[in-house]
Amino acid sequence: MRLPRASGVLLHPTSLPGPHGSGDLGPAAYHFVDWLHSAGQTLWQMLPLGGTGPGDSPYMSSSAFAGNLLLIDLVELQQRGWLDAEALSSPPAANACRIDFSTLVPWRMDRLALAAAAFADRSNAVDQADFKAFCASHADWLDDYALFMSICEATQWTDWPLWPTGLARRQASALAAATQQHATRIAFYRFCQWSFYRQWAALRSHAHAKGVRIIGDMPIFIAHQSAEVWSRQDLFELDDQGQPTVVAGVPPDYFSRTGQRWGNPQYRWSAHAAERYGWWVQRLRRTFELVDIVRIDHFRGFADYWEIPAAEPTAENGRWRPGPGLALFDAISQALGPLPVIAEDLGLLSPAVKALMQATGFPGMAVLQFAFAGDAAEPFLPHNHHHHSVVYTGTHDNDTSVGWWASATDQERHHARAYLATDGHDIAWSLMRAAASSVADTVVHPMQDVLALPSDCRMNLPGAASGWWVWRFEWQQVHAWHGQRLAEMTRLFGRAPAAI
């Protein structure tokens, strides 16, 4: 499906300003939508909306379907009468431009627990009916998720294969007993998901009213310590004890000389094929209930993927294995019809990956920071772009453009100065202008580049286990000229809505 010519901004909601330690779905999110609209932007791209996992990464969530509890707007819960003013009067001390997950998580979780208890005690009939309807319509994933999270808490977050055998192997009697034992906490997690989905729907409706569509992000892999791996062990390459036999990652590349060992369990693709990829159909269906366009991370893994023996400490000693290929996307298309998908096709692409890209017809990605190490034939240079693609200055895995310029080689700088007709003093906006002028249908600018921020504001460093995903901005950093300049550039290159 081809996307219309448009422009947008990449910003995860946790990076928004706000008084409670991290960005959320509250007033700052609505203000950001309004700012996007005023700046002529019609797309808001974000990272996965699931909860954060090891290293605080949104790509290692405890569920492929559940929303991130840290994004729930606590003020909205207070306005509904489920939190009193005192509960929000002393937020955790925090750097306004950095998230401190160690203090943020327990503080927010305590407030959510207070709200859930108040909801159970004194909610009105309308809210109770809406909650019950939500639980019923999402039971296919919500029941397992709520039970999984409750057992995780009760076992002090022990990996699920180490739970008592009856729970680890999902014996019916053990599940029934656990459901009864943890009923209060199960109700808590259901309440939190209802709150997230309800608040998200309101924010998305506001975005649509402003002409802004949401680009979501779906990781190809999910965490081993997740509700879906526990509940569907047959769909993953696990041994008899539930431990992964092989894990996901990528071989040595631009980002890491030893590769990246992500640690996610690999899919047992034969089992997925046997049920006509029903799990994937459900996953895409649920994702499109939240967002308008889906970027599929590490798309190449569907053609061929790097399989690492679980005992290996790095990604160096892996091997390429064939993925499900077009059969998966044929099954999805038959069930859901044509879908607006962006395929993250970065890195060295095999003939199988290129063939799958062509067969699906999904637009791929071009990253300008990768464009200047070679010569005029470099495919990421704007004059080599294709209409059916999405161009970025950088992604969440890249340095900011200011940071990239500071560490670029002499060759890259010389090439970029000549190509962009710049001396480099305003490199972020020079790259943004080149991206906006591309023939590519879609351009997405990281918010860090809009604000021309340095390396310490990058979102992630691939291969680094901790210390990332913490960046936030403040509204005082955003001046009127940022939006005006972005709107003018968007209009100049034919990416603005008709009213701008």
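Readers should treat all values here as calculations from the given coordinates under stated rules, not as data from a laboratory. It should be emphasised that the depicted structure is a prediction, and the values quoted were computed from it without experimental measurement. Because the Cβ atoms are built from the backbone with ideal geometry, glycine has one as well, and the counts that use them run over all protein chains shown.
Quick notes on this one:
- Segment LEU348-GLN243, extension gain: residue separation times 0.36 nm, minus the distance between their alpha carbons: 34.8 nm
- Candidates MET109, ALA487, ALA93 compared by Cα position along the dipole of the chain: farthest toward the positive end lies ALA487, with charges placed on Cβ.
- Low-density loop cleavage sites - chymotrypsin sites (Phe, Trp or Tyr not before Pro) in the range 143-224, where at most 16 other Cβ are within 10 Å (DSSP): TRP157
- Ranked list, fewest to most other Cβ atoms within 10 Å of each Cβ, for GLU289, GLU307: GLU289, GLU307
- A Cβ-based charge dipole, computed about the Cα centre of the chain with Lys and Arg at +1 and Asp and Glu at -1, lands at about 860 debye.
- In a fully extended conformation the segment linking ASN124 and MET1 would gain 39.9 nm over its present Cα-Cα distance, using 0.36 nm per residue.
- Whole-percent P(r), the range 429-492, all Cα pairs, 10 Å bins from 0: 17, 44, 30, 9, 0.
- Interchain or long-range residues, amide H under 5 Å from ASP304's placed H: GLY323
- Cα pair count fraction exceeding 21 Å, expressed as % - the range 208-333: 44 percent
- Radius of gyration (Cα atoms) of the range 237-297, expressed as a multiple of 2.2 N^0.38 Å: 1.45.
- Sorting 174-182, 120-128 by their mean Cβ neighbour count within 10 Å, with the most densely packed peptide first, gives 174-182, 120-128.
- When every Cα-Cα distance of the range 201-243 is counted in 10 angstrom steps from zero, the calculated P(r) takes the values 23, 30, 17, 21, 8, 1 percent.
- A cut-off of 5 Å between modelled amide H atoms, ignoring neighbours fewer than 5 places along the same chain, links ARG213 with LEU43, TRP44.
- Neighbour counts of C-beta atoms inside 10 Å place SER226, SER333 in the sequence SER333, SER226, starting with the fewest.
- Here SER350, SER401 are placed in order of increasing Cβ neighbour count within 10 Å, fewest first, which gives SER350, SER401.
- Close amide H partners of VAL390, meaning residues 5 or more places away or on another chain with modelled amide H under 5 Å apart, are GLY364, MET365, ALA366.
- For the range 321-329, 3J(HN,Hα) computed residue by residue from phi via the Karplus equation (6.51, -1.76, 1.60; θ = phi - 60°) reads 10, x, x, x, x, 5, 4, 4, 6 Hz, glycine and proline entered as x.
- Under the Karplus curve 6.51 cos²θ - 1.76 cosθ + 1.60, θ = phi - 60°, whole-Hz ³J(HN,Hα) for the range 96-104, x wherever Gly or Pro sits: 4, 10, 9, 8, 9, 4, 5, 9, 5
- Each peptide in 468-475, 268-275, 54-61 receives the mean, over its residues, of other Cβ atoms within 10 Å, and ordering these scores from highest gives 54-61, 468-475, 268-275.
- Assigned charges on the beta-carbon of Lys, Arg, Asp, Glu; the range 1-160 dipole about Cα centre (debye): 560 debye
- Distance-filtered residues of the range 277-303 - backbone nitrogen under 12 Å, label point 7 angstrom along ALA327 Cα→Cβ: 277
- In order along the range 155-161, phi translates into HN-Hα couplings of 9, 6, 6, 5, 4, 4, x Hz, rounded to whole numbers, per the Karplus curve 6.51 cos²θ - 1.76 cosθ + 1.60 with θ = phi - 60° and x for Gly and Pro.
- Length gained on full extension, CYS97 to ARG285: 64.2 nm, using 0.36 nm per residue less the C-alpha separation.
- Pairwise centroid distance, computed over Cα atoms, of the range 267-298 with the range 137-209, Å: 20 Å
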